[in-house]
Structures are given as structure tokens and as C-alpha cells.
Amino acid sequence: MAAEPGALSGYAWNGRTLTFFHCSTCGCLTHYESNERAEGERTIAVNARMFAAETIAGIRVRTFDGADTWKYVDEPAGAWKLPGPPARPAPAGRRSRR
């Protein structure tokens, strides 16, 4: 990640194995980096939700099942799209039109 000096703030918590970086102005998480690095290796995760949709349109997105199988669950090409707003439940006594 490239940023102007002072634009990002970082913090590490718990086991201090990761440092999380966020915007010093708005507080949004930009990325995190591993503090435990093997020689010549670097692990980083970037918050792609901060990118414009057209910037990430061609990037392959893989879903990782960290709750059960600990494997990547590859979806068909083009299956990923930006999430919309969450659906609101219908008020009590009314039927949903969805």
C-alpha cells in the first residue's frame, strides 16, 4: 500500500501477529500485514471494498471456507458482484413483495 506520510495508522492486538492499518481521517480499514514473516515472504490482505467497482471488475475473487473445510470454494466465473443493501424484513402483519 502506498500512502502519504501520516495518512494511515496501524495497530496490532492479541498475539501481535497482524498489524491492521486504517485511514487516519475516516477510520476505514485499508489493509493488514503479517508481522511474522519467513525470509523473503510477505503476507498482506487488502480491503477491496474501498476500491471503485470498475477498479476490481477483472480481479478473480476466491471465497475461503474458514468455518468448516478450510478450503477455497471457487465460484463460477462472473458469479461475484458487489453486494447490495441488506433486505429489510416486512413489518409485522404485512407480506413481503420479494
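The values are calculated or read from the model by the stated rules, or taken from the named source; none is laboratory data. Quantities reported herein were computed from a predicted structural model and do not represent experimental measurements. Glycine gets a Cβ as well: all are built from the backbone with ideal geometry, and neighbour counts include every protein chain shown. To get the accessible areas, we keep the full protein, side chains included, count just its heavy atoms, and leave off ligands, DNA and RNA. Shrake-Rupley method; radii C 1.70, N 1.55, O 1.52, S 1.80 Å.
Right, Pro89: in a loop (DSSP other than H, G, I, E, B), modelled with pLDDT under 80 and not basic (Lys, Arg) or not? Criteria met by Pro89. When region 1-13 is filtered for residues that are part of a loop (DSSP other than H, G, I, E, B), open to solvent by 50 Å² or more (accessible area, probe 1.4 Å) and closer than 18 Å to Ile44 by Cα, the ones remaining, listed by number, are Met1, Ala2, Ala3, Trp13. Only residues that are part of a loop (DSSP other than H, G, I, E, B), open to solvent by 50 Å² or more (accessible area, probe 1.4 Å) and not charged (D, E, K, R) were counted across region 37-66, and they come to 8. Per the conditions (1) at pLDDT 80 or above; (2) open to solvent by 50 Å² or more (accessible area, probe 1.4 Å); (3) of a type in the set (Ser, Thr, Tyr), the sole criterion not satisfied by Ser34 is (2). Filtered by the rule that a residue be among the polar types (S, T, N, Q) and surrounded by 13 or more Cβ atoms within 10 Å (Cβ to Cβ), region 14-23 gives a lone residue, Thr19. Could you please find all residues in region 8-24 being hydrophobic (A, V, I, L, M, F, W, C) and under 19 Å from Phe51 (Cα atoms)? Residues satisfying the conditions are Leu8, Phe20, Phe21, Cys23.
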